[in-house]
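Coordinate-derived values only; no laboratory data. Treat the numbers as computed from the prediction; the structure is a model and nothing was measured. Glycine gets a Cβ as well: all are built from the backbone with ideal geometry, and neighbour counts include every protein chain shown.
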Amino acid sequence: MFTPRTIIEPFRIKSVEPIRQTTLAERSDALKAAHYNLFLVRARDVLIDLLTDSGTGAMSSRQWAGMMRGDESYAGADSFYRFEAAVQKITRLKHVMPTHQGRAAERILFTAMVNPGDVVPNNTHFDTTRANIEARGATALDIPIAAGLNPGQDHPFKGNMDLEALEQVLTSEAGRVPLVMMTVTNNSGGGQPVSLDNLRGASAICRLHQVPLFLDACRFAENSWFIKQREPGYEHQRPIEIAQAMFAEVDGATMSAKKDGMANIGGFLAMNDDALARRCRDNLILTEGFVTYGGLAGYDLEAIAIGLEEALDEDYLRYRIRSVAYLADRLATAGVPMVTPPGGHALYINARQMLPQIPQTEYPAWALSCALYLVGGVRSAEIGTMMFGRQPDGTEKPAAMELVRLAFPRRVYTQSHVDYLAEVLLYVYERRDTIRGMRIVEQPPTLRHFTAKLAPAHGEVIPTG
Ligand code: F0G
């Protein structure tokens, strides 16, 4: 029997969008005009855009067809009920509220539950989650397992939470922990999965302390796939069954449908608690929209309802996870330091190890992301001291890791794009000794990485002669 070794893209392309080659001089001008902040570079000046996997995926022909069914009624639209059914099929959570994206779900949830002085533990908070908690005057506490902070260490579930630390904080901060969150996959920690065993452990501890557990479920489908591949006992289960088992452990979830909802916009907040749901719905109406559309169009709800199902397709997940691993294999051969094993939605380069000449005060991962853009028109994102270094009191603290995230949009790039990426990365890696650090010229008080202006601290970022 023919058993192919090549894992192909499980789709064919029906509609294409050109990407634009630029010259080195054009990229250099674009980077300067953007004050060395890739968030401020125009997308038309980017060749391969790996800034994020959020909202950047290609929708299927089924999703586009579904959008034509969008019921735009203000209240009680059919699209809402199809959306609600799709979410409940996977989560089995009682109350489902659409929101315009994940951070809106976070803000509504935290407004209802979190007070000044509270502590919210998480395996690792994403930037918006952290900022929304801090905006409530509370502390966002990251408690990943030790392996999760060691980029080169192999571990099947580096996204796991340190359950001893959880037990400790629930005891020492009793009464001040309104909820615990678990992020799947752990984005800021390298796109690493959480095992069902760890989730069950966290759930048991939370129940004992009578504190609700919420899933930050953005990449729940990718997490399900990793469980299927790596956790004994789940190899024969379907991704949807594993996802259902994950959601069965929690009291609620926040979700950005821009990731494993396979949509360009949208999210939801879901929970079982009736009283909490009532408070959240009041806030939803105040800021997002009526409870059956939550800031989305009816057609967005349709796209998400179909996308949630497509994200759990086995052929899709196999291809998705393999695309990232394929790039990792090519880089590993050359010795490029990375978070290993590779993440589900992204590959994370360990800039601290790659660029020992740049101190954390000069943002090594930021410098590397600028170098990748200059050399190959590749846009990536820093996950390091620029993103997490600024403390709520205005002081600066080095981040736990200095990573450059190469996030893969869903169903967008093909293997030759990835081959090109590998070439760019290897070229830059060979010249790593010449990369120089950055300094901040201007920065806002919170979420500074989105809009800060920077400059090279010593001459050019990378000589590109
Ligand atoms: N939680 C996690 C784990 C995320 O990765 C994100 C977004 C959010 C919450 C917020 O969702 O963007 O819909 O408001 N992450 C994107 C990223 C932006 O690039 O990783 P949102």
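Summary table below
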| quantity | calculated |
| --- | --- |
| Fraction of the pair-distance distribution of the range 251-321 above 18 Å, Cα-Cα pairs, percent | 46 |
| FRET efficiency for Ala165 and Gln244, using Cβ-Cβ distance with R0 set to 30 Å, rounded to 0.05 | 0.60 |
| Ellipticity estimate at 222 nm from DSSP helix runs (n ≥ 4, -39,500 (n - 2.57)) divided over the chain, nearest 500 | -11500 deg cm²/dmol |
| FRET efficiency, 1/(1 + (r/R0)^6) with R0 22 Å, evaluated for Arg318 and Met1 via beta carbons | 0.75 |
| Residue order, fewest to most surrounding Cβ atoms within 10 angstrom, among Phe247, Phe268 | Phe247, Phe268 |
| Extension gain (nm, one decimal) between Arg176 and Ala455, 0.36 nm per residue minus Cα-Cα | 96.3 nm |
| Helix 102-113 axis, angle to the chain major axis (alpha carbon atoms, nearest 10°) | 50 |
| Helix 274-287 axis, angle to the chain major axis (alpha carbon atoms, nearest 10°) | 50 |
| Alpha-carbon spread of the range 61-310, three principal axes, descending order, Å | 49, 43, 28 |
| Unit Cα scatterers, Debye sum, the range 159-200: log10 I(q)/I(0) for q = 0.15, 0.17 Å⁻¹ | -0.41, -0.51 |
| Gain on full stretching of the segment that runs from Leu447 to Ile285 - 0.36 nm per residue minus C-alpha separation | 55.7 nm |
| Inter-site label distance for Ala43 and Thr333 at 7 Å from Cα along Cβ, in nm | 3.3 |
| Over 31 Å between alpha carbons, listed pairs Lys228/Lys397; Lys14/Lys94; Lys89/Lys158; Lys32/Lys158; Lys32/Lys397 | Lys228/Lys397; Lys14/Lys94; Lys32/Lys158 |
| Computed label-point distance, nm, for sites Asp274 and His155 using a 7 Å Cα→Cβ extension | 4.2 |
| Gyration tensor over alpha-carbon atoms, the chain, equivalent ellipsoid semi-axes in Å | 33, 26, 23 |
| Cα-based helix-to-principal-axis angle, 364-376 vs the chain, degrees rounded to 10 | 70 |
| Packing-based exposure ordering (other Cβ within 10 Å, fewest first) of Lys14, Lys453, Lys228 | Lys14, Lys453, Lys228 |
| Length gained when the stretch Ala25-Trp64 is fully extended (0.36 nm per residue, less Cα-Cα span) | 10.2 nm |
